[in-house]
Amino acid sequence: MEIEKNSLNSVQRRHFLESLTAAAVWTGAPALAAAAAENVIERGDCRVVVAPDGNITSFKFGTEELLQHNLGANQPQFVIFRERICNCDRPVSVRRDESGVVLRYEFPGPYPLTVDYGIGLIPAGRDVALKQTVRFHTPKNVPSTLVLRLPKTVRLGTDRRKVFLPLKSGVGRKQPIRGLDHDDEYVFQVAGSFVSEHGEGTQNLAIPLAEEYADNSDLHITHCADPLFTTYLRLPHGERPGEFNCLYPGSPGIEREEQREVYTIVHKGDFRQGLRLFRLAALTPVDPGPDWTHEVALQEYDYFGKNGRGWFADIDRMAELIKPADRPKVAFALHGWYGCVGPYNYDARTRSLNKTWVAFPSAQDPAFQAQWAKPPGSGLPYIFRPDSLKEMRPVEMSLADMHRRCRYAKDKGFRVILYYACGLQAPRGLKDSDPPEHFLHPGGWRGPDTIGQQYIRNPLVSEVRDFYRGFLEALIEEFRKELDGYVFDLSDSVGPEELGTAAHPGYAGRAMMTLIKELTLTVQQHHRDAAFLGSDYSYATFTHGGYADLACLPSLFPRFFFQNYGNILWACNWAPVTLFPFTKYAVEAFDAPVALSGGPFGDNIGPAEMKPEVMKRVLELFERRKSRRMDLGWIEEPVGPYTYGGRVLTYRVPSAEGGGSPIGDDVRAAMVSPDEPRL
């Protein structure tokens, strides 16, 4: 897959350059007979002037002009490989809306293209953002690759400009803007692709943002875009304009209507302010996570431990050890309660929860037992151990029992998080399972909570999306008074660059992101003080925080930093005794909550079974952590050592591409070094 993608980028670049020299230039339908006057848009300290053809001719912040006229026009352009270039410079209509002006362009031909280009000023907190919206559609899908380009001609007036880059690795890079190959090309990769002037080697962003600043200016310019499609950014330098672009390959091509939103925000804050403004502009209406999530200093992930009895025993033990005043800083997550992964205990036909079901239905299934009876000879603690396999049993469950479990923790003052779903995983071929055309591909987790062959559902299917929305609404309706949050596990079961199928084509990765956004908004609407937490950094931007199966590994934490900037990241650690050094490191380096677990996976040791000397270390760590908050930041790229929040990081930092050491190496290092993780 990686070889194919890299090869595709080089081919796309060659075809793109050929298109620029060989394709006919289309300027659209005839322009308005009598062009309207310039449109002036004002809000706060910002003033924008738009010419009748859609060219932005002025962008002022206060009295300072930031648009560089010598860099040329800045209207959208569409390049259809080997076909034509469509310049948006002759609108057929112009209208005002609440934020500014919308111009329509029409391009006839074998593949007609209609473009609505909106230019406006919108509020972003106390600041103002220039928002450029490009919405386009065609009644016939374009069989060739299409590129949307938008020149960027707004920049600071000084020659000593710099840029802050939120890299995929969790590192905040600061460097001069010098117009260099690769160093000054920035890419956020999700669905679709991009065109680079120099091929591969661009800087990989965690979010589509580049923050322009200068030591001799008090202004910052946040250049950013919506995170629903791949974004290429290059900032202006010298006599050359900057550029935003994204590429729609011939397959799956353009869906019925495509839209991109590009923001330019001038402010007098710092990098943190720029990241906050990105959230306010590009992620609205998704709110930051509830404030209480930042205060949680210890969490336990219970995977139906001791066949459901461990939940009560662990809560009793922690209630003995944690003072009532501190218990709101402790969260218990209830996992494995739902029966079978996929259907769960939800009836989509009646849009209601079943009153009874069986948890861990495959606990004694020979195929499941055999799969884990001889785990790989890795020596890793993330397995089902023979004793836990032998002890697991199916357990009769009911809504009444679930209420009792949730209230048991809630009444003692603890926070309660409910496991919502295991990605889009579901069984195939069973009674009442999805039809085959609703699946993307085989795969997924195999455990005591799965039945039969496992597949991943396609988020492009409307019935699939409706199932997950309906299931979440039913959970909220039933348990709202007893829950503080919901966790969506294995959301990366659909890859961010994954495509749909012949039956349901499109950008599956983008559909997964919009589904997560819809689920987060469902919680905001129906359970206002609750948190919707995700497990994967690829889709973290539209959640209230992360709750991920990271084992507290130092190399994995940074991948969430920018996607969930300002929110939280709780790390599940199924080996809380064996891998306690990583828990300690995560608490001390990143302000993560202390991580405990209950259940047959991993150590199979919950708080109720921890030896006094182990619990003593846990409580000491909790006492140190409970006076601090967790607010995700970033790793400072060093002249000397790497730092996070002013603390020197003693563990290796992931590569710029967002990778890191293999998980197995990290875990073995912790097991060898019982006090601190090794470098």
Within region 87-141, considering residues that are part of a loop (DSSP other than H, G, I, E, B) and of a type in the set (V, I, T), the one surrounded by the fewest Cβ atoms within 10 Å (Cβ to Cβ): V92
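Conditions tested, residue by residue: (1) in the same structural domain as K626 (by TED's automatic domain parsing); (2) surrounded by 15 or more Cβ atoms within 10 Å (Cβ to Cβ).
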| position | (1), (2) |
| --- | --- |
| K306 | yes, yes |
| G310 | yes, yes |
| D314 | yes, yes |
| E320 | yes, no |
| A331 | yes, yes |
| L334 | yes, yes |
| R349 | no, no |
| F368 | no, yes |
| I383 | yes, yes |
Among (1) in a loop (DSSP other than H, G, I, E, B); (2) at pLDDT 95 or above; (3) not aromatic (F, W, Y) - the single one P375 does not satisfy: (2)
Residues located in region 151-166, provided they are part of a strand (DSSP E or B) and not charged (D, E, K, R): P151, V154, V163, F164, L165, P166
Candidates A367, A409, A363, A400 - the one that is of a type in the set (A, V, I, L, M, F, W, C) and either assigned to a strand (DSSP E or B) or at pLDDT below 95 (or both): A367
Subset of region 482-533 (residues that are of a type in the set (D, E) and either at positive phi or surrounded by 23 or more Cβ atoms within 10 Å (Cβ to Cβ) (or both)): D484, D489
Number of positions in region 93-125 that are touching a Ser or Thr at 6+ places or on another chain (Cβ under 9 Å) and β-branched (V, I, T): 4
Matching option when the condition is among the hydrophobic types (A, V, I, L, M, F, W, C) and closer than 22 Å to P496 by Cα, among L156, L247: L247
Lone qualifier among E185, E212 - being buried (at least 23 other Cβ atoms within 10 Å of the Cβ), among the acidic types (D, E), modelled with pLDDT of 95 or more and farther than 20 Å from L283 by Cα: E212
Unique match (being closer than 17 Å to N564 by Cα, touching a residue at least 60 places away in the same chain (Cβ under 8 Å) and not hydroxyl-bearing (S, T, Y)) among F479, F488, F471, F467: F488
Matching residues in region 449-495 - criterion: being aliphatic (A, V, I, L, M) and under 21 Å from the mean Cα position of the chain (by Cα): I456, L460, V461, V464, L472, V487, L490, V494
Qualifying residues in region 489-522 (those that are polar (S, T, N, Q) and touching a strand residue (DSSP E or B) at 6+ places or on another chain (Cβ under 6 Å)) - the one modelled with the lowest pLDDT: S491
Candidates R160, R155, R95 - the one that is closer than 28 Å to E255 by Cβ and either without any contact (Cβ under 8 Å) to a residue 60 or more places away in the chain or not assigned by TED's automatic domain parsing to the domain that holds E637 (or both): R95
Odd one out for S196 among (1) over 20 Å from F78 (Cα atoms); (2) part of a loop (DSSP other than H, G, I, E, B); (3) among the polar types (S, T, N, Q); (4) over 20 Å from the mean Cα position of the chain (by Cα): (1)
Candidates A225, A206, filtered to the one that is in the same structural domain as I254 (by TED's automatic domain parsing), in contact with a Gly (Cβ under 9 Å, 6 or more places away or on another chain) and at pLDDT 95 or above: A206
Selected residue (only one of F278, F244 is surrounded by 19 or more Cβ atoms within 10 Å (Cβ to Cβ) and under 30 Å from C572 (Cβ atoms)): F278
Filtered residues of region 591-625 (kept if under 14 Å from A297 (Cα atoms) and buried (at least 24 other Cβ atoms within 10 Å of the Cβ)): A592, P593, V594, A595, L596
Selection within region 479-494 - among the acidic types (D, E) and within 14 Å of Y419 (Cα to Cα): E482, D484, D489
Cross-chain or 6+ apart pairs with Cβ under 9 Å, region 247-258 first and modelled with pLDDT under 90, then among the hydrophobic types (A, V, I, L, M, F, W, C) and in a loop (DSSP other than H, G, I, E, B): G250/F81; G250/V142; G253/V142; I254/V142
L579 vs. criteria surrounded by 23 or more Cβ atoms within 10 Å (Cβ to Cβ), in contact (Cβ under 8 Å) with a residue 60 or more places away in the chain and farther than 30 Å from Q525 by Cβ: yes
Only one of V49, V79 that is assigned to a strand (DSSP E or B) and modelled with pLDDT under 95: V79
Residue that is farthest from D434 (Cα to Cα) [pool: residues in region 323-360 that are in a loop (DSSP other than H, G, I, E, B) and without any contact (Cβ under 8 Å) to a residue 60 or more places away in the chain]: K323
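The values are calculated or read from the model by the stated rules, or taken from the named source; none is laboratory data. None of the values given here were measured: they were computed from a predicted structure. We place every Cβ from the backbone using ideal geometry, glycine too, and count neighbours over all the protein chains shown.
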